[in-house]
Amino acid sequence: MTDTKKSIHGEWSSRFAFILAATGSAVGLGNIWKFPYITGENGGGAFVIVYLLCVLLIGVPIMMAETMLGRRSRQNPINTMITLADEAGADKNWHYLGWMGLIAGFLILSYYSVIAGWASAYVLKALTGSFFGADAITIKALFDDFMASPMQLAFWHSLFMLATMLVVVRGVNTGLEKAVRFLMPSLFILLILMVAYAMTFDDYYDRGIKFLFTPDFSKLTGNGVLTAMGHAFFTLSLGMGAIMIYGSYLPKNVSIAKTVYLIAGTDTVVALLAGIAIFPIVFAAGLEPAAGPGLIFQTLPIAFGNMTGGWLFGILFFVMLVFAALSSSISLIEPAVAWLVENKDMSRKQACIWSGSITWLLGFGTIFSFNLWSEFKIFDKTVFQLLDYLTANLMLPIGGFCIAVFAGWIMKQQHTEHELDMPNALSYQIWQILIRYVAPSAVFLVFLHVVGVL
Ligand code: PHE
């Protein structure tokens, strides 16, 4: 493999461009919508600690590995696994890892787009003043009415899917870079404003902050641990090839390690800020932290409806959320599009139409989970819950496990060392211990724990 090899889809213009794109992929609904509600459902502090440990000990080393695999092969995840397995003299079956990632991308995007559709609809609701002066009951009713309408959910889901495909069709490295450059700082500022607002509540510290940061391990179940670990993968976009494909557009001379710290750090800070902003409002409004996927839609509008300047903040917040979701959704579908272009000889446009239509159609499973099919359950889960569990809690950790094993045990050490180009030998050794032993055994132990063996 030569160092001059480039992806046929182009390259990021700089290290900074990659950081922006990968941060755009990582920061999304996972941080602002999902992190608060799963933290609420799993009892707070203890869950947050497990999640942070997973980000640090499993997420960061795997993110380095995934970026490295992509950059070394410069192709879509399936071909990457074929080429690199070949290079290492390993079994061809490794390419199934790429396949699982592609499928996970479709499944995740199918529900991701529906939720991003909610955020889009809330831009309009904010704009038309629906939250003005409203209390918790009105805001909940607004959300419940919205959920009860498959037509409305389908409309917003379709709009969001269309927007995603319009970006993807142009190639991820045009336009995206500019959008994220402006988006990330703005999102940050808005979140800090929300935190400042939350601090004005009486029990900001006693209930909000304590809930998030005082661990009570008796509240954490085995499934809670799995959810925390799965979320570390989900929020960092790991285990399904998104970071791999972005890595494949990464120029050769960039330090992977430093880049990854920055991305993972930003992602974690955004999630914590969202939590700090949301829980004081949850408790002050007498809401249930375990309210589920509707949590931010039932809490933040109360704040927007009652704070000074809330009309504008509300609009801005949901606009940011939609953009943050968009910069993630394109990375969910990019591996499939790249595969169709590279292996099936399709134009980018054809590839987008195919993959976009399939995802769009799959999205109806999630739409109906909140209304027509809300009673239809498999393993006691609605279609949405099942998709979420299957992807975030199972497919991504399994994908991540395989990536760790491949990078730690299958690839030649001289290749990983060369590709990662760590600042010193110690950093490389730490990475090697994490990727060989810590990350795979942590994932394995959590699985054993959930099935009751441990
Ligand atoms: N990381 C994204 C988020 O937190 C979701 C995502 C998962 C994106 C997997 C790509 C791959 O919203």
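On the basis of the beta-carbon distance and an R0 of 35 Å, Glu417 and Leu262 show a calculated FRET efficiency of 0.95.
When Trp12, Trp339, Trp354 are compared by accessible area at a 1.4 angstrom probe, the order from most to least is Trp354, Trp339, Trp12. Here the simple spin-label model places points 7 Å from the Cα toward Cβ, and for Lys178 and Glu87 these points are separated by 3.4 nm. Placing dummy labels 7 Å off each Cα toward the beta-carbon, the span from Ser347 to Asn223 is 4.8 nm. Taking the centroid of alpha carbons for each part, segment 234-292 and segment 338-356 are 28 Å apart. What lysines does Lys140 reach when the alpha-carbon gap must be under 16 Å and sequence neighbours fewer than 8 apart in one chain are set aside? Cα-Cα hits under 16 Å: Lys125. Within the set Lys344/Lys381; Lys252/Lys344; Lys5/Lys92; Lys5/Lys258; Lys92/Lys349, which residue pairs have Cα atoms separated by over 32 Å? Those over the limit are Lys344/Lys381.
Ligands, DNA and RNA are left out, and with a 1.4 angstrom probe the accessible area of the chain is 38 Å² per residue.
Taking 14 Å as the straight-line reach from the Cα of Lys34, the aspartates and glutamates in range (excluding those fewer than 8 positions away in the same chain) are Asp267, Asp388.
A crude spin-label estimate for the pair Ile378 and Arg436, with each label 7 Å from Cα along the Cβ direction, gives 4.0 nm.
By definition, a body whose alpha carbon gyration tensor gives a ≥ b ≥ c is prolate when a/c is 1.5 or more and a/b is larger than b/c, and the chain fits this prolate description.
Ligands, DNA and RNA left out, the accessible area of the chain computed with a 1.4 Å probe is 67% carbon and sulfur.
The Cα center of segment 115-131 and the Cα center of segment 47-88 differ in position by 36 Å. Heavy-atom accessible area with a 1.4 Å probe sorts Ser110, Ser130, largest first, into Ser130, Ser110.
What is the packing order of peptides 201-214, 13-26, taking the mean over residues of other C-beta atoms within 10 Å and listing the highest first?
13-26, 201-214
Seen from Gln385, the other residues with C-beta closer than 14 Å to its C-beta sum to a net charge of -1, counting Lys and Arg as +1 and Asp and Glu as -1. Along segment 419-433 the Karplus relation, 6.51 cos²θ - 1.76 cosθ + 1.60 evaluated at θ = phi - 60°, assigns HN-Hα couplings of 5, 6, 6, 5, x, 8, 5, 4, 4, 5, 5, 4, 4, 5, 5 Hz to successive residues, with x for each Gly and Pro. Applying the criteria of a DSSP loop state and at most 16 other Cβ atoms within 10 Å to the GluC sites (Glu not before Pro) of segment 1-89 yields Glu11.
Largest first, what is the accessible-area ranking of Phe217, Phe279 with a 1.4 Å probe?
Details: Phe217 115, Phe279 0 Å².
Descending accessible area places them as Phe217, Phe279.
Here His449 sits with roughly 80 square angstrom of accessible surface, probe radius 1.4 Å. In degrees between 0 and 90, to the nearest 10, how far off the longest principal axis of the chain does helix 136-147 point, with axes built from Cα atoms? Once rounded, one gets 50 degrees. Phi angles across segment 392-405 convert, under the Karplus curve 6.51 cos²θ - 1.76 cosθ + 1.60 with θ = phi - 60°, into 3J(HN,Hα) values of 5, 8, 10, 5, 5, x, 5, x, x, 4, 5, 4, 4, 4 Hz, Gly and Pro given as x.
The values are calculated or read from the model by the stated rules, or taken from the named source; none is laboratory data. No experiment lies behind these values; they were computed from the predicted model shown. Backbone-built Cβ (ideal geometry, glycine too); neighbour counts: all protein chains shown. For the accessible areas, the whole protein counts, side chains as well, though only heavy atoms, and no ligand, DNA or RNA atoms are used. Shrake-Rupley method; radii C 1.70, N 1.55, O 1.52, S 1.80 Å.
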